[in-house]
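The values are calculated or read from the model by the stated rules, or taken from the named source; none is laboratory data. Small disclaimer: the values here were computed from a predicted structure and weren't measured. With ideal geometry, Cβ positions are generated from the backbone for all residues, glycine too; neighbour counts draw on all protein chains shown.
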């Protein structure tokens, strides 16, 4: 996805989760809720940040420019969508 401007609604604290891709077997993970910039009724997205991105801290109402990756997977006959932040930068006011 192309980079878009979002407003931060909320972010969780980073936690470490198991990872087969990381050398030490763990990776930082944080959830961030983003609202598309533009109006009161714009879409909100719950996204996951991993690694160094998960360690970044954003406050409520911060404006950010973010690139997102959308993926789907199936588990037990159900289809789920994951939204992962691939890059995020705070806009300076």
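For segment 34-48, check the following and say yes or no: at least one residue is touching a helix residue (DSSP H, G or I) at 6+ places or on another chain (Cβ under 9 Å), part of a strand (DSSP E or B) and within 12 Å of residue 68 (Cβ to Cβ).
Yes, because at least one residue in segment 34-48 is touching a helix residue (DSSP H, G or I) at 6+ places or on another chain (Cβ under 9 Å), part of a strand (DSSP E or B) and within 12 Å of residue 68 (Cβ to Cβ).
If I go through segment 30-43 residue by residue, how many of them are surrounded by fewer than 12 Cβ atoms within 10 Å (Cβ to Cβ) and modelled with pLDDT of 95 or more?
Adding up the residues that qualify gives 0.
Restricting the search to segment 47-61, which residues are over 13 Å from residue 11 (Cα atoms) and surrounded by fewer than 12 Cβ atoms within 10 Å (Cβ to Cβ)?
Passing the criteria: only 52.
Would you say residue 21 is in contact with a strand residue (DSSP E or B) (Cβ under 9 Å, 6 or more places away or on another chain), farther than 22 Å from residue 7 by Cβ and not in a strand (DSSP E or B)?
yes
Since residue 79 meets every condition but one in (1) within 18 Å of residue 15 (Cβ to Cβ); (2) surrounded by fewer than 16 Cβ atoms within 10 Å (Cβ to Cβ), which condition does it not meet?
With (1) within 18 Å of residue 15 (Cβ to Cβ); (2) surrounded by fewer than 16 Cβ atoms within 10 Å (Cβ to Cβ) applied to residue 79, the lone miss is (1).
May I ask you to list the residues in segment 8-18 that are free of Cβ contacts under 8 Å to residues at least 40 places away in the same chain and either in a loop (DSSP other than H, G, I, E, B) or surrounded by 17 or more Cβ atoms within 10 Å (Cβ to Cβ) (or both)?
Listed by number, the residues that qualify are 12, 13.
Quick one: which residue in 5, 27, 91, 64 is out of contact with any helix residue (DSSP H, G or I) (no Cβ under 6 Å at 6 or more places or on another chain), in contact (Cβ under 8 Å) with a residue 60 or more places away in the chain and surrounded by 13 or more Cβ atoms within 10 Å (Cβ to Cβ)?
Result: 5 is the single residue among 5, 27, 91, 64 that is out of contact with any helix residue (DSSP H, G or I) (no Cβ under 6 Å at 6 or more places or on another chain), in contact (Cβ under 8 Å) with a residue 60 or more places away in the chain and surrounded by 13 or more Cβ atoms within 10 Å (Cβ to Cβ).
Residues 69, 57: which one is part of a strand (DSSP E or B), in contact with a strand residue (DSSP E or B) (Cβ under 9 Å, 6 or more places away or on another chain) and at pLDDT 95 or above?
That would be 69, the only listed residue that is part of a strand (DSSP E or B), in contact with a strand residue (DSSP E or B) (Cβ under 9 Å, 6 or more places away or on another chain) and at pLDDT 95 or above.
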